[in-house]
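The values are calculated or read from the model by the stated rules, or taken from the named source; none is laboratory data. What you are looking at is a predicted structure, and each value in this text was computed from that prediction instead of being measured. Please note: Cβ atoms are built from the backbone with ideal geometry, for glycine as well, and neighbour counts cover all protein chains shown.
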Amino acid sequence: MSSEHPRVRGKSRAHRGPYPFGEFPDDVIIAIGKQIVHRLAIGHADISGEDWGGIFANAISGEHLGSPIGLTDIIYNSSSSWSAKTVQCPRPFTTPSIRLISGRCSPDYSYAISDPRADVARTGEAVLSIWNERVARSKNDYDDLRVIVLIRNMSQLQFALFEYEPVRFTPGDYVWCIGSRNNLHADDKVSGERCFTWQPHGGQFTIHKTVPGSVCKFRIARHPGLIEPQQVLQLIRFKDSWIERIP
């Protein structure tokens, strides 16, 4: 019997991303680094989540969506999609775990839970159900859904890159409690590991994520320095006549 994957009936999944899962080609890493260098040269000292979505989309020749659909920020070839996340960290190369802000969930809006602390188990179940619906929506629209994470230290110009497949969570696997800052926390019932945080004020949902050992590490060895405004004006051959005063 052949060891190749058999053909099965159902929706085709032949169209895949621009590289195998988690295996970033050199040209993608260089394209990411080149864009970061450009941003530094024109005075952008940091990278926001929106910036990172645009950077990664450009690096893979994908499309960065102006408004996320489900979890989808970036699409490629109409079949693959990514949610783009970036976090600051003093030690991108060695940090064992990170906290990923993963959208806002409103149990009040979705389930009419006006007092989220009255029944934390019910609130936690609602928060995870909202997340699960977002995952389901993106996976329904795209064959391939990934989260692309950039861990950054802009002062040292060190970066770590990894991706993972988002999953739907089973609410019964977690125990919710109220933390010291009145946020809601969820721990795994078996391991006791902290998994989620949800902030009633603002509805921010955070996933506590282990960084895989296969994380891709890179650094920018030389800061480009700033391009002075006068250099830009000379480059574009600016003339004072471009500025017209309107009476």
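Restricting attention to segment 109-148, the residues that are exposed (fewer than 15 other Cβ atoms within 10 Å of the Cβ), in a helix (DSSP H, G or I) and among the acidic types (Asp, Glu) total 1. Return the residue satisfying two criteria in turn: it lies in segment 69-97 and is under 12 Å from the mean Cα position of the chain (by Cα), of a type in the set (A, V, I, L, M, F, W, C) and part of a strand (DSSP E or B), and of such residues it is surrounded by the most Cβ atoms within 10 Å (Cβ to Cβ). It comes out as Trp82.
Right, Ser114: at negative phi and of a type outside the set (D, E, K, R) or not? Outline the logic, then answer.
Values: at negative phi: yes; of a type outside the set (D, E, K, R): yes.
It is true that Ser114 is at negative phi and of a type outside the set (D, E, K, R).
Applying the criterion of being of a type in the set (A, V, I, L, M) and within 15 Å of Arg104 (Cα to Cα) to the residues of segment 166-211, the residue that is surrounded by the most Cβ atoms within 10 Å (Cβ to Cβ) is Leu184.
Does Ile101 satisfy the condition of being touching a residue at least 60 places away in the same chain (Cβ under 8 Å), hydrophobic (A, V, I, L, M, F, W, C), surrounded by fewer than 19 Cβ atoms within 10 Å (Cβ to Cβ) and in contact with a Ser or Thr (Cβ under 7 Å, 6 or more places away or on another chain)? Quick ask: steps written out before the conclusion?
Numbers: touching a residue at least 60 places away in the same chain (Cβ under 8 Å): yes; hydrophobic (A, V, I, L, M, F, W, C): yes; surrounded by fewer than 19 Cβ atoms within 10 Å (Cβ to Cβ): yes; in contact with a Ser or Thr (Cβ under 7 Å, 6 or more places away or on another chain): yes.
The answer is yes for Ile101.
For Gly62, the criteria (1) at pLDDT below 95; (2) surrounded by 20 or more Cβ atoms within 10 Å (Cβ to Cβ); (3) not basic (Lys, Arg) hold in every case but one, which is (1). For segment 21-29, the criterion of being surrounded by fewer than 17 Cβ atoms within 10 Å (Cβ to Cβ), under 27 Å from Arg137 (Cβ atoms) and within 16 Å of the chain's Cα centre (by Cα) is met by at least one residue. Residues in segment 125-133 include none that are in contact with a helix residue (DSSP H, G or I) (Cβ under 6 Å, 6 or more places away or on another chain) and under 30 Å from Leu235 (Cβ atoms). Candidates are the residues of segment 162-200 that are small (Gly, Ala, Ser) and modelled with pLDDT under 95; the one that is farthest from the chain's Cα centre (by Cα) is Ser180.
Would you check which residues across segment 169-194 are part of a loop (DSSP other than H, G, I, E, B) and out of contact with any Lys or Arg (no Cβ under 9 Å at 6 or more places or on another chain) and list them?
Of all residues in segment 169-194, those part of a loop (DSSP other than H, G, I, E, B) come to 169-170, 179-183, 189-193.
Within segment 169-194, Phe169, Thr170, Gly179, Ser180, Arg181, Asn183, Lys189, Val190, Ser191, Gly192, Glu193 meet the criteria.
May I ask you to list the residues in segment 229-247 that are among the hydrophobic types (A, V, I, L, M, F, W, C) and loosely packed, with under 10 Cβ neighbours inside 10 Å? Before the answer, list the steps.
Residues of segment 229-247 among the hydrophobic types (A, V, I, L, M, F, W, C): 232-233, 235-236, 238, 242-243, 246.
Result: Leu235, Ile236, Trp242, Ile243, Ile246.
Return yes or no: is Gly49 of a type outside the set (D, E, K, R), within 11 Å of the chain's Cα centre (by Cα) and closer than 30 Å to Ala126 by Cα? Judged against the criteria, Gly49 is a match. Listed conditions (1) in a loop (DSSP other than H, G, I, E, B); (2) buried (at least 17 other Cβ atoms within 10 Å of the Cβ) are all met by Leu226, apart from (2).
Checking segment 123-138 against the condition returns no match, with no residue being aromatic (Phe, Trp, Tyr) and farther than 17 Å from Pro171 by Cβ. Only one entry in Asp108, Asp51, Asp143, Asp46 is acidic (Asp, Glu), under 23 Å from Val28 (Cα atoms), out of contact with any strand residue (DSSP E or B) (no Cβ under 6 Å at 6 or more places or on another chain) and modelled with pLDDT under 95, namely Asp143.
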